[in-house]
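Written out below as structure tokens is the structure these notes cover.
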Amino acid sequence: MDELNLVLCGGLSRAAAPRTRQRVRQIPLEFGSAADVHLRVNQLTDAMCAKADSVTLDLLELAAYVHTADQAVTRGGAAEIDYGDGWRRRFRFEVPVRLPALWRRPDVQRALTGALEFLTDDVYEFGFHQAVDPRRSSDYLVEGGAGGVDEVVLFSGGLDSLCGAVTELERGRRVVLLSHRSSTRIFARQRALFDALRARVPAGPPPLHVHVTLNKDEGHGREFTQRGRSFVFAALAAATARLAGLDRFRFYENGVTSLNLPLSPELVGARASRTTHPQVLARFGRLFTLLFGSPFAVENAAQGHTKVELLERLRASGHAPLCALTCSCSRVWGQPEARPHCGRCSQCVDRRLCALAAGLSDADDPPDGYASDPLTGAREGPDLTLAERYVGLARELAPLEGPRAFAVRFPEVNAALAYLGTSPAAAAAACHDLYRRHADGVARGVRRALDAVGVLNLHAVPPPSLLGLVLGRGVPGAAPPAPFAPSERGFVVDPDRFQVRFNGAPCQLGNTKEFHFIARLHRGRGVYLSLAVLGRDVWDDAGVAKGSVHRVAASARRSLVALGLPPETIDGSNKGHYRLTLPAT
């Protein structure tokens with residue numbers, strides 16, 4: 001894990017932080033057109049007539065700070081990520097807010113840090129301070145006047161969000177489609193899609209397009225993974241729903257992308273993005289419920305569907321031509337306007353194969369919109385490995401008989417089972433069936449791609465391409481693609497498997513107090529934590545009996561010794577406190 005990063009927000013000085021947090025790397029962030037963070041909440045549109053209240057403004061500004069810091073601190077770069085403990089970063093935010101008493105509440109703090117830590121795999125601490133002369137609610141006046149909104153739906157401009165918008169509009173509902181306006185170019189594409197959508201909708205209430213600018217100074221664009229961006233989407237959508245008088249909002253993302261089981265075993269935790277993971281959405285709902293003081297839900301209305309199924313429904317509705325206006329690429333920066341898709345990233349591969357499987361035409365998903373053909377374009381390095389794993393994963397799913405075998409092969413699914421609104425057994429069966437249908441769709445897409453090439457032309461397919469791999473050619477004269485990650489080094493706490501590892505050796509603790517005790521010490525490694533803090537965060541009881549803590553500490557210590565770590569790794573030499581000390585690796 002990297003060093004602590006102290007993020008000083010809104011003009012606060014390092015004196016605002018605890019003394020033990022002052023002599024670390026500092027990142028000052030401020031709002032303003034000439035400052036680091038640009039947030040234009042007044043763009044929460046011509047749709048509703050309302051003012052954002054203090055808690056909503058605090059939430060939006062906090063999300064903007066977190067989003068900017070997420071991009072400002074590198075994980076080491078694509079060539080240097082070690083996929084061990086170095087992936088994780090540590091942040092301490094000092095944030096001015098209008099309602100510090102609310103944000104300092106232990107339940108709010110736990111909900112906030114818990115949601116962000118599961119989402120990003122990073123470690124977060126927050127200090128909240130009374131804002132002096134904060135931006136006024138009138139600065140964020142929402143203009144216009146239209147009521148009776150039925151749903152707020154995230155609208156990214158991709159295929160899944162388009163399918164969701166059409167689904168809601170065909171129900172005759174008054175829908176707000178919410179976009180994060182990160183750049184003029186991306187917004188222009190979103191707006192063109194919205195205008196085309198609005199022109200095609202059946203008779204009924206027209207949709208509203210809400211778009212909010214939230215971006216940063218270019219000097220803070222150092223990290224490309226942006227695992228925290230879902231917090232921005234959720235905060236913007238929660239604010240919009242609150243202004244509309246609603247107690248929920250919706251994502252539309254297919255269940256396979258939502259669960260996002262890793263293509264490679266090295267992609268554990270949030271290395272496989274968790275943007276709309278069921279646990280993330282449940283944690284967001286819990287946070288917003290606490291902040292707003294009444295039940296609030298965050299839903300993924302496409303959780304039970306594959307992308308192929310969503311596109312088949314869209315085609316059946318007659319709106320498939322809108323797909324040509326969408327963009328799904330993860331590498332949009334630098335792509336020419338005429339070819340918005342790189343054709344090499346996982347999103348492009350998924351888009352093209354699913355479009356073929358769903359029977360979309362070349363007019364619906366134009367092949368010349370890809371800079372490199374996702375299926376026949378020559379690949380190398382990680383791009384070639386990605387193509388192999390995408391198809392390989394679908395092949396691995398076919399022989400897995402039943403939910404148990406599926407969960408053994410993909411243990412990461414266990415992190416979602418408690419958050420799918422049914423029993424764990426039923427949820428496991430549903431996830432297995434979802435991925436089985438996805439594998440069938442991938443196979444159908446591959447068959448249609450091979451048919452399109454034609455049997456007489458298969459010899460011309462480049463060996464180092466997705467279809468070349470499917471045909472079993474490999475890469476003549478070349479070694480197999482290298483894995484994404486070197487062997488794991490250091491100490492790792494894996495919350496998906498309830499496991500700790502040292503230099504790759506695992507210790508399976510399960511969902512026990514011992515695991516959560518070690519995980520809490522690991523979050524503040526090197527710092528003595530009091531029994532009250534450990535009781536609050538591990539037992540949810542600051543007054544837990546000392547004997548209970550000592551027994552768990554002793555058991556956890558024995559487990560770490562069995563991994564080859566010294567007994568003093570769990571250090572209890574400071575009476576009434578424990579800390580985690582790790583040897584250099």
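The values are calculated or read from the model by the stated rules, or taken from the named source; none is laboratory data. Everything quoted here is computed from the prediction, not taken from an experiment. Heads up, the Cβs are rebuilt from the backbone with ideal geometry, glycines too, and the neighbour counts pull from every protein chain shown.
Quick test of your reading of the structure: GLY114 fulfils all but one of (1) within 24 Å of ARG14 (Cβ to Cβ); (2) under 25 Å from the mean Cα position of the chain (by Cα). Name the failing condition by number.
Result: GLY114 passes all but (1).
Under the condition of being assigned to a helix (DSSP H, G or I) and in contact with a strand residue (DSSP E or B) (Cβ under 6 Å, 6 or more places away or on another chain), which residue from region 557-585 is modelled with the highest pLDDT?
ARG557
Say we look at region 573-582 and pick out the residues that are surrounded by fewer than 17 Cβ atoms within 10 Å (Cβ to Cβ) and over 15 Å from VAL492 (Cα atoms); which of these is nearest to the chain's Cα centre (by Cα)? Explain how you work it out, then say what you get.
In the first step, residues of region 573-582 are kept if they are surrounded by fewer than 17 Cβ atoms within 10 Å (Cβ to Cβ); the result is 573-577, 581.
Still in the running and over 15 Å from VAL492 (Cα atoms): 573-577.
Details: SER573: 39, ASN574: 38, LYS575: 40, GLY576: 37, HIS577: 34 Å.
By that ranking, first place goes to HIS577.
Could you please give the count of residues in region 558-582 that are in contact with a Ser or Thr (Cβ under 7 Å, 6 or more places away or on another chain) and on the phi < 0 side of the Ramachandran plot?
Selection size over region 558-582: 8.
Regarding PRO399, is this residue at negative phi and either surrounded by fewer than 17 Cβ atoms within 10 Å (Cβ to Cβ) or more than 26 Å from the chain's Cα centre (by Cα) (or both)?
Against the criterion (at negative phi and either surrounded by fewer than 17 Cβ atoms within 10 Å (Cβ to Cβ) or more than 26 Å from the chain's Cα centre (by Cα) (or both)), PRO399 qualifies.
Within region 393-413, track down each residue that is of a type outside the set (A, V, I, L, M) and closer than 15 Å to SER258 by Cβ.
Passing the criteria: PHE410, GLU412.
Taking ARG389, is it under 28 Å from HIS277 (Cβ atoms), within 21 Å of the chain's Cα centre (by Cα) and modelled with pLDDT under 95?
It is true that ARG389 is under 28 Å from HIS277 (Cβ atoms), within 21 Å of the chain's Cα centre (by Cα) and modelled with pLDDT under 95.
Among the listed residues GLY293, GLY359, GLY304, identify the single one that is closer than 19 Å to ARG250 by Cα, surrounded by fewer than 18 Cβ atoms within 10 Å (Cβ to Cβ) and of a type outside the set (Ser, Thr, Tyr).
Criteria check complete, one pass: GLY304.
Pairs only if they're at least six apart or on different chains, beta carbon under 6 angstrom, first in region 226-252 and of a type in the set (Phe, Trp, Tyr), second modelled with pLDDT of 90 or more and part of a helix (DSSP H, G or I); list them, first residue then second.
Listed pairs, sorted by first residue: PHE231/ALA63; PHE231/VAL66; PHE249/ALA237; PHE249/ALA241; TYR252/ASP160; TYR252/SER161; TYR252/GLY164.
Looking only at region 328-340, decide whether some residue is modelled with pLDDT of 90 or more, crowded, with 21+ Cβ neighbours inside 10 Å and within 26 Å of ASN300 (Cα to Cα).
no
Being acidic (Asp, Glu), over 20 Å from the mean Cα position of the chain (by Cα) and modelled with pLDDT of 90 or more is true for just one of GLU80, GLU94, GLU3. Which residue is that? Step through it out loud before you land on a result.
Values: GLU80 fails: modelled with pLDDT of 90 or more; GLU3 fails: modelled with pLDDT of 90 or more.
From the options GLU80, GLU94, GLU3, the qualifying one is GLU94.
Is there a residue in region 542-554 that is part of a loop (DSSP other than H, G, I, E, B) and either of a type in the set (D, E, K, R) or exposed (fewer than 12 other Cβ atoms within 10 Å of the Cβ) (or both)? Spell out the reasoning first.
Narrowing region 542-554 to residues part of a loop (DSSP other than H, G, I, E, B): 542-545.
Next, only the ones that are either of a type in the set (D, E, K, R) or exposed (fewer than 12 other Cβ atoms within 10 Å of the Cβ) (or both) stay: 543.
Yes; the residues of region 542-554 include at least one that is part of a loop (DSSP other than H, G, I, E, B) and either of a type in the set (D, E, K, R) or exposed (fewer than 12 other Cβ atoms within 10 Å of the Cβ) (or both).
State which residue is surrounded by the fewest Cβ atoms within 10 Å (Cβ to Cβ) when the search covers only region 241-254 and only residues that are touching a strand residue (DSSP E or B) at 6+ places or on another chain (Cβ under 8 Å) and within 15 Å of SER161 (Cβ to Cβ).
ARG250
Just name the residue that is modelled with the highest pLDDT out of those in region 261-302 that are outside any strand (DSSP E or B), of a type in the set (S, T, N, Q) and touching a Ser or Thr at 6+ places or on another chain (Cβ under 6 Å).
THR276
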